[in-house]
Each structure stands twice: as C-alpha cells, then as structure tokens.
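Data block below; observations after.
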Amino acid sequence: MKKILILGAAESGVGAAVLAQKQGFEVFVSDNGKIKDNYRKMLIEKKIPFEEGTHEGAAKLIAPLNPPLRGDLAQSSNVALPQSPPEGDLGGLEIIKSPVIPDNVPLLVNAREKGIPIISEIEFAGRYTDAKKICITGSNGKTTTAMLTYHILKNAGLNVSLAGNVGKSFALQVAEENFKYYVLEISSFQLDGMYDFRANVAIITNITPDHLDRYDNNFQNYVNSKFRILQNQTKDDYFIFWSGDETIITEISQRYIRAKKLPFSLEKTTDYEITFTNVDSKIQKSEENFAFTEDNFLKILKIEKQQPKTKSTNQQINKSTTTDNQKPNQQINNNQQTNQPYMTMELENIAIKGVHNLYNSMAAGLAAQVVNIQSDKIRRALETFDGVEHRMEYVASVRGVRYINDSKATNVNSTWYALESMQTPVVLILGGEDKGNDYAEIADLVRKKVRTLIFLGKDNEKLKKFFANFENKEQGTKNKDSLSATNNKIKIIETKSMQEAVDAAYEVAKHGDTVLLSPCCASFDLFKDYEDRGRQFKECVIKL
C-alpha cells in the first residue's frame, strides 16, 4: 500500500488526510505544534494516525535522522505509526506539506535528497476531480478576485465552491462533495508544490516583491513561482492578466504560453505591447484589452467564440453572435475580440471601491464570461458583492474619524493601493514581521496623505530608519489644521500592542481623518495571523 505523509495538521493537511484515506493510501499526519481541537477531533473520528508537538514519527517514515526532529511539546503520537519502509525502499512514500512550512527545514531537505516527492494539497486534490478549476494567484487582490468570482458563479446558479488559500480545504471538498466548478485562490507557496495540476482558467492579478525571504531574496524566483499556475494549460484554457504589470508582460514575452490570453486594464489599449508565441509558434502582438474603463463605464468585450472544426469539411462553423447562454465547452480564439461589449456598467454601481477593486472586478468578470455567465448576472453580482473581511473593511466612525481595517495588506504594494484610495488625511498603522520590504514604493503617498505614522511590531527599527524626517507635502495647503506636526514633519509613534496602537491613533486623529491599519508586513511577530490582527483592531476600535 502506498503511503502518504502529511506535514501540518490544519485546514489543508487534515483535508488532504481525509482524501488520501478515501483513496486507499496509508496515511500519517505530523504537526510540530499543537493541533487545534476541531482538526484533532476530525483525525480521531476518521481514525487517521497522527502526532503533534514533534516530527519524530515523520522522520522515522522517511529514514532515521540523527538527532530526531522534535518540537517543543514533545507529545507522543496518538496512534501507532505506519510500518516504515525497508531500508532502500521508499515504499511509494509521498509527502504533502503545509504551505507555511519552508522548503529548507531539515526534514524536507532529507526527504528531497532521498528522492521522495513533496507536493501541495492542491496538487494532490487535483488528481481526483474532473471539475473545472478557475485559479487565481498574484501578490495582491487574489482573495478579493477569488471571492468575487465565486460570488458571481454562485449567484448565477452554478454548482461551485471556493477553496485553496481561502474557504474550506480543496482536498476535503473533493473527498466529500461533488462540485462542477472550483474557484481556487493559490499562493506562491502552494504553487511551489504543484507539478501536474491544470488550471482551466488562470488569473494573475499582479506581481510585486513579496515573501522574498522564502525565495533567497531573489524576485525572479518569486515570479517563476507565480507563473507555475500556467504550466499545464492547453490551447483550450484561458489566461487572464493585468496588462499594466510590466513584470507579467515581460514574462509573457519570454515564455511559451498555450492558453488564450485575456488582458485587462483601465485603458482600452494595453499599457505595454504584449508580444507572445502562439500555439503555432508564431510571434503575435496584442494591443487591446478585453476589459477596460471608458466614459465612467466598466466595459468587458465579448470574446469571439467558435465551434470545433467538423470532420467532413474541416471548415470552421460561423462565429456565435450571442452574448449569453453559451455552451460550456465552446472554445475561444486566441486574442480575438468582436469589439462588441459583452457587459457594461457604470463604475459608481460597482459595490467595492478603489482602482485595485476595479482590476479585481475586471478579472472576475472575464472569468465569468469564459464559463458563460450571462452579462446581466455578472453586473448584478458586481453590484451586490460585500467585499472581503480585513481588506479595506470599514469598522466604525468615532468622533468624526473613520477606522479602516486593511490587515490583509501584508506587503508594500497592498498598502500602496490602500493609501492611493484615501481621500482624507491618514493616521497609518504600519509594522510587523518584515519580509525584505522596500518601503520606497509608498514613500510619495505617505508624504502626500499621512499625518501620523504608528509603528506596531516587536522590531520597528527598519521602519523608523526609513521614515525618519518624512515631511507631509500637503501641509499648509487646503486645510492647514487637517495635517499635523510642527514644520510639516510626519509624527511617528512606536507601539507594541494593538491596544496601544489604537489608543495612540485615537489621541492624534482629528475630525475628518481616517485611521488606516494597513501594516505592509506579516503579522506573526505579535499575532497568530493577519486575521487575528484585524480582529483585534476591530475589537479595540469598537471599545472606543
């Protein structure tokens, strides 16, 4: 019997364990920390062997390690270990690892040296479903785009679920449900463990430096990880991307991409000339976006569709002239537009605001057209989507000051979009676990819009050094009382807890200001995760 070793017993790991057991594998789950009660209960109910507080059992499965890898808790395994494979025989062992576990931990290095395959939950689950998969990655916007795409498809009546880096475990749903479509948010860490998985629709929202600490501080390594989402696509699949991202466009020009390409941006013509090698190995150029804005309207062009060639005539059937109710398996010509709008709607009617959310709406709208959602249903869904918790989430107004929770902004580019959307003076809460950030990207916006910087983290030295002596460019213009600090200098306050940060913001913010939690950094120095950070922020604000 083939064996599956699962490292990490949270959402993805436990889901993968259930699916592996269902598929007849001998399964063992190992978590170096304490397993949450709900996941432990599921493992026990399913009679899946596991250990917590140690990887000793996992090490024995791979091969004896000297010394064995132990966690702080050093608890014993819950059930007897599966029999270790004989020396020199790996017994078909395969490892599914949590995306939060770095590739360079000794256990994985040892496994890799022995030729043991190491994959992600997404790769594993993809083997056991025929559902169509709409997959979204990117440095920013992938959660909103995934949830918005799911919202459109669900409200249109499709049998669809949300999974990956958001929602329930993909593997668990494949094991226990029967969905026809999956919308998957996929992180670079998950993509790193994907090899044969195929995305029917792939979306890359943007690529900016992030998680470089996991990629040897090499941006190209991170870019390569993101582009793995395209690695098994065929000419029958679709690639949706922002044509205003120079990194994406550069990569497209250097890669052979089989899928049909659907660019989007604010302008009708692409921001950069897009040169690519098509399925016939011919160099082609694209100059027009499939989604763009014009005269205060969002416009999504109709993608030209064609029937497959007939055997008798080898002639192509005439193009379809309808915009709605297309049959699911019709193909799309590579970069062929009718220049007829598939859907238009006034920008002010889109529920989620900001340029970044306009991009997210374009990507989701194009994906919905690909799977033949009627234009009126796309429009209605864009009008009713509530947004994502911890992403530009309005919390409350206190003494005329708005409090916004953008805790999901764990990189500099996310905070750039948050600041860019601000129309009032800002008290900005920054800080956390730095991932090799370059804060120069937000420097101009900070000078233009921020009255006070509040640093929240265990180590704020990098932030203090970078933002020292920043002056607000808008000081003295428009409303002299609206922006603070003597001699235009932006005030800096250092804090070590969320309560301290919110209390400090309450003291310095003035009527008409916005207090924005948009940290630029990971949350693990003071919080469990960005969700914990966001919840604490909201709790502190509500108590004001």
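The values are calculated or read from the model by the stated rules, or taken from the named source; none is laboratory data. In this text the structure is predicted, and so the values were computed from the model without any measurement. Note: ideal-geometry Cβ built from the backbone for every residue, glycine included; neighbour counts use all protein chains shown.
So here's what we get for this one:
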| read-out | value |
| --- | --- |
| Scan of the range 363-421 for residues that are among the aromatic types (Phe, Trp, Tyr) and either under 22 Å from Thr137 (Cβ atoms) or in a helix (DSSP H, G or I) (or both), ordered by number | Phe385, Trp416, Tyr417 |
| All positions within the range 442-471 that are surrounded by fewer than 18 Cβ atoms within 10 Å (Cβ to Cβ) and touching a residue at least 60 places away in the same chain (Cβ under 8 Å) | Lys458, Asp459 |
| Helices (runs of 4 or more DSSP H) wholly inside the range 153-272 containing at least 2 residues that are surrounded by fewer than 24 Cβ atoms within 10 Å (Cβ to Cβ) and charged (D, E, K, R) | 246-254 |
| The range 101-125, subset assigned to a helix (DSSP H, G or I) and of a type in the set (Val, Ile, Thr), residue surrounded by the most Cβ atoms within 10 Å (Cβ to Cβ) | Ile122 |
| Tabulated pairs, the range 525-540, first within 14 Å of Arg391 (Cβ to Cβ), second surrounded by fewer than 18 Cβ atoms within 10 Å (Cβ to Cβ) and modelled with pLDDT under 90, C-beta under 8 angstrom, 6+ apart or interchain | Glu531/Glu389; Gly534/Glu389 |
| Residues located in the range 22-44, provided they are of a type in the set (Lys, Arg) and either touching a His at 6+ places or on another chain (Cβ under 7 Å) or outside any helix (DSSP H, G or I) (or both) | Lys34, Lys36 |
| Members of the range 397-454 found to be under 22 Å from the mean Cα position of the chain (by Cα) and either β-branched (Val, Ile, Thr) or not assigned by TED's automatic domain parsing to the domain that holds Phe527 (or both), listed by number | Ile404, Thr410, Val412, Thr415, Ile442 |
| From the options Val427, Val355, Val388, Val395, residue that is touching a helix residue (DSSP H, G or I) at 6+ places or on another chain (Cβ under 9 Å), modelled with pLDDT of 95 or more and β-branched (Val, Ile, Thr) | Val427 |
| Yes/no for Glu185 being farther than 29 Å from Val223 by Cβ and in contact (Cβ under 8 Å) with a residue 24 or more places away in the chain | no |
